[in-house]
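Asks: Quick one: this structure, given as structure tokens, is what I'll be asking you about.
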Number of protein chains: 2
Amino acid sequence: MAFSGLSKRIRELPKSNFPAIIKMAEEDKSIISLGIGEPDFPAPKKVKAALKNAVDKNFTHYSPTGGRHELQEAIAKKLKKENKIRVEDIHSQIIATSGSSEAIMMAIMGIVDVGEELLVPNPGFLTYRPTVELIDAVPVSYNLHSEDGFQIHVEEIKKLCTPKTQGIIVNTPSNPTGTVLKKKVLEELADLAIQKNIIIISDEAYEHLVYDNAKHLSMGSLNGMEEHVLSLFSFSKSYAMPGFRLGYAVGPERLVKAMQQFHLYTTLSPNTMSQIAGITALSKCGKDIEKMRNEYNKRRKILIKGIQEIDGLEIEVAPEGAFYLFPKITNGMSSEQASKALIQKAKVLTAPGNEFGTQGEGFLRMSYATALPKIKEAIERMKKNFH
Amino acid sequence: MAFSGLSKRIRELPKSNFPAIIKMAEEDKSIISLGIGEPDFPAPKKVKAALKNAVDKNFTHYSPTGGRHELQEAIAKKLKKENKIRVEDIHSQIIATSGSSEAIMMAIMGIVDVGEELLVPNPGFLTYRPTVELIDAVPVSYNLHSEDGFQIHVEEIKKLCTPKTQGIIVNTPSNPTGTVLKKKVLEELADLAIQKNIIIISDEAYEHLVYDNAKHLSMGSLNGMEEHVLSLFSFSKSYAMPGFRLGYAVGPERLVKAMQQFHLYTTLSPNTMSQIAGITALSKCGKDIEKMRNEYNKRRKILIKGIQEIDGLEIEVAPEGAFYLFPKITNGMSSEQASKALIQKAKVLTAPGNEFGTQGEGFLRMSYATALPKIKEAIERMKKNFH
């Protein structure tokens, strides 16, 4: 067959409504957006200064495919201190990536072959499933349930494992549900990974954004998991650096070294100046993170309370992480209908839950990465105009 | 089969000697490197100032998946003026990428399915072939010959086309040979693409680096090619901005729009601040480019003359583009042997030609992106110590 214009893989990409949603919010300035998963804070001052200093010092050249050594070393220190993940060979087990989205793609390509299976959460972050499909592998959904706050049922996962299963994507704190997975669940998942000899891709992009009594636990810190977890981290969320396109992965040497080699065929490395700024973010911005987290927590509490007063929306278990709530729609509307009604009548932008998988149908995702006065106004509008 | 540790696709990546070569040059400071394809110049001053200004103005947030609109518009102006490529719908036909290496990967994934074929130059840039293999498609080499300065023989390409052929990668000016393809060759390729209904991926990363009477011609400017060329450009080479990780692609709307959607699953967008700096590079740095080009040309002439005086190396046709020479080894050594001899005896680093494909065996790649005194010293060392 001659050139058909596009590969099947790209023709069959899911039709996301997100770009259209973002466009609506941009065009009508009266709309309050709870739709986007992006910090409203600018990058920390120290990070900005570090970036400018890097430019002045002409760090405008290529970097190694694993990332700059001094960044890898700063990452190893942070992993040890904050995540209790120990790294034996820093330069072989850590790779800096162009955002953790690149790490997700490289991890999937590094683990799964054509026709093989990867377990993905449903509802779950919207790139997991299509990325698996893009390389002609098979994403298999594991369902999450609102009744118990979208915790993972490891027994259900066990039943989904087949001889073709290569791994499981685990995301805590979760986008879109805000769920922080419990220690017991993560330990059961670890046992399963060892028993089945598969790998966990642990997406921890929201690691610092946990509230009240919740604690973030990295699966890479659990006993016996050295060969069974690839952990992914991001500077985009808790460090408020999405425009820097910087993330990283840590895991078994054989996998990470292969990803470093593979990096030649994707982006070579993340932006060199961003990498230098990333060192400052990791080592000197604890207070900035704390300040933003406190602010998110304030907003979270107010938004939870507000939603409880809106007819037609319900939160069964209040989520303790990320910057999302995932309320259930109780007035009979579908996710699309509810989202459209809120845009048109209340001028509040939310993400339809079905964007995140079939199990998200009947829910909305609301982000509280928006200034408090706007959140308060959005609540008032939704109270009056959700029908 | 349970988790084997790594996907077959990643286990079978070619073993590149490049990282080892780079390491050698780093460890022994007495080695002069003609091995690396990176400008020795820092980024232009105006570009650096623009980047710092972008940071000050808090351009630290996400960008659209096609790239920032103001960057797309600056790219369209540049394409019209410098490349004679006309773009009907700027925001749908242009995508900014994290270096042109990301554009290469996205283009290949966007065009070729499992089992389908893509024609790639041999010798050619070292990512083409593995990137096609990574997605379980089939790279088919078209051979280039030193006798006629590595021009493409379109008759030979015609014979390689099968019903599975989806496209052809064309790279001018060429890495590794430095060849600037002739207008006649490009016109014949254009006719072939239309006749066979396939697409040209035109990698023009070295577009500005042509010398003496050579002219760079973009296939996207040829009549009737609107639907048959995806043109790739980079800021890494002629703008001396490799650390910014910024490139772009322009082509048929259906393909570029799909790539924009696909960008969600790779890196979302290039670094936001780099994009702002890129606007300055495109619109205000003509003199910087001219200055660097003149400097490269000086070095090129001296290196060509020097090589002609080295026993065991020969240049059949002097290349007129990029910043590479690709001399033939005439003393019976293989590429590997010659490269090792030059490192050990002359302390000069070159890239073995076979890194760029089987047709590169018996050649060396030498980069003149190195200061003139070093090039002169390297020539003297090679004259005395190549045996």
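Asks: Would you please list the contacts, defined by Cβ atoms under 6 Å and residues six or more apart or on different chains, that run from a residue in region A:41-69 that is more than 9 Å from every other protein chain (Cβ to nearest Cβ) to a residue that is of a type in the set (D, E, K, R)?
Replies: Within 6 Å, the pairs are A:P44/A:D288; A:K46/A:K284.
Asks: Here's another thing I want to ask about it. Any idea how many residues of region A:16-59 are at pLDDT below 95, surrounded by fewer than 22 Cβ atoms within 10 Å (Cβ to Cβ) and in a loop (DSSP other than H, G, I, E, B)?
Replies: Summing the residues that are at pLDDT below 95, surrounded by fewer than 22 Cβ atoms within 10 Å (Cβ to Cβ) and in a loop (DSSP other than H, G, I, E, B) in region A:16-59 gives 9.
Asks: Would it be correct to say that B:E290 is away from chain A (no Cβ under 11 Å), surrounded by fewer than 23 Cβ atoms within 10 Å (Cβ to Cβ) and not β-branched (V, I, T)? Full working, then the answer.
Replies: Values: away from chain A (no Cβ under 11 Å): yes; surrounded by fewer than 23 Cβ atoms within 10 Å (Cβ to Cβ): yes; not β-branched (V, I, T): yes.
Against the criterion (away from chain A (no Cβ under 11 Å), surrounded by fewer than 23 Cβ atoms within 10 Å (Cβ to Cβ) and not β-branched (V, I, T)), B:E290 qualifies.
Asks: Still on this structure: Among the residues of region A:262-272, is there at least one that is at pLDDT 95 or above, closer than 20 Å to A:K52 by Cα, assigned by TED's automatic domain parsing to the domain that holds A:A50 and assigned to a helix (DSSP H, G or I)?
Replies: Looking through region A:262-272, at least one residue is at pLDDT 95 or above, closer than 20 Å to A:K52 by Cα, assigned by TED's automatic domain parsing to the domain that holds A:A50 and assigned to a helix (DSSP H, G or I).
Asks: Kindly list the number of the only condition in (1) crowded, with 22+ Cβ neighbours inside 10 Å; (2) within 14 Å of chain A (Cβ to nearest Cβ) that fails for B:L313.
Replies: (2)
Asks: Can you work out which of the residues in region A:128-141 that are touching a residue at least 24 places away in the same chain (Cβ under 8 Å) and surrounded by fewer than 21 Cβ atoms within 10 Å (Cβ to Cβ) is farthest from the other protein chains (Cβ to nearest Cβ)?
Replies: Out of the qualifying residues, it is A:S141.
Asks: Right, another one. Can you tell me which residues in region A:72-93 are under 19 Å from the mean Cα position of the chain (by Cα) and either outside the structural domain of A:E207 (by TED's automatic domain parsing) or crowded, with 23+ Cβ neighbours inside 10 Å (or both)?
Replies: The answer is A:I75, A:L79.
The values are calculated or read from the model by the stated rules, or taken from the named source; none is laboratory data. Here the structure is a predicted model, which means the values were calculated and not measured. Neighbour counts run over all protein chains shown; Cβ positions are idealised from the backbone, glycine included.
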